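S.K.: Below is one structure. I have some questions about it.
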């Protein structure tokens with residue numbers, strides 16, 4: 001794996017300048033790079049490369065225009081997330097209610113634990129096994145924390 005070494009904010013500014021990206025306000029650019037990071041932000045500049053395999057950028061590209069694209073993408077993701085969450089909650093409710101009324105209709109109403117109610121029984125069993133492991137891990141943590149609390153009070 002070819003990892004890149006970390007760069008200070010000043011080195012990031014110099015790297016941007018090496019790519020001939022115009023920085024109109026260096027202090028603002030430093031602040032932005034400190035909040036977003038060079039590698040995240042420059043991903044939005046890829047469309048301005050001179051060629052598909054080139055590390056050179058087209059002329060007259062500004063840091064501000066890259067930041068505006070990043071800001072637009074951020075706002076769009078935020079807007080979409082709001083509606084996607086509503087749709088997700090709605091469909092999860094429909095699925096859960098549909099399943100519950102179709103399958104969980106006999107006491108003790110725990111038929112959602114019956115793997116015969118699922119098409120992919122292996123995946124269902126894996127989910128249940130992982131859930132049980134997490135419950136055991138959580139129980140062990142709680143027991144450990146309770147015993148530590150008792151020890152420190154004594």
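What follows is calculated from the coordinates using simple rules that are stated; it is not laboratory data. This structure is a prediction, so every number in the text was calculated from the model and none was measured. Positions of Cβ are generated from backbone atoms using ideal geometry, with glycine treated the same way; all protein chains shown enter the neighbour counts.
S.K.: Report the full-extension gain for the segment residue 135 to residue 11: residue separation times 0.36 nm, less the Cα-Cα distance, to one decimal in nm.
M.R.: Going from the current span to full extension adds 39.9 nm.
S.K.: Measure of size requested: the Rg and Dmax of segment 1-55, with Cα atoms as the atom set and Å as the unit; please supply both.
M.R.: Final numbers for Rg and Dmax: 11.6, 35 Å.
S.K.: Please grab the % of Cα pairs in the chain that end up more than 23 Å from each other.
M.R.: Counting pairs separated by more than 23 Å, the tail of P(r) holds 66 percent.
S.K.: Could you list log10 I(q)/I(0) for segment 29-108 at q = 0.13, 0.17, 0.21 Å⁻¹, which the Debye formula gives when each Cα is one point scatterer?
M.R.: For the requested q values the scattering log ratios are -0.61, -0.79, -0.98.
S.K.: Continuing with this model, one more query. Report, in degrees rounded to the nearest 10, the 0 to 90 angle that the Cα long axis of helix 63-103 makes with the longest principal axis of the chain.
M.R.: In the chain, helix 63-103 runs at an angle near 10 degrees to the longest axis.
S.K.: Going 7 Å from the Cα of residue 23 along its beta-carbon direction, which residues of segment 1-16 have the amide nitrogen within less than 11 Å of the resulting point?
M.R.: Under 11 Å, as judged by backbone N against the label point of residue 23, lie 8-16 of segment 1-16.
S.K.: Springs between alpha-carbon pairs under 10 angstrom, Gaussian network model over the chain: which of 121, 17, 103 fluctuates most?
M.R.: In the Gaussian network model the winner is 121.
S.K.: Kindly state, to the nearest 0.05, the FRET efficiency for residue 116 paired with residue 80, given R0 = 35 Å and r defined as their beta-carbon distance.
M.R.: It comes to 0.40.
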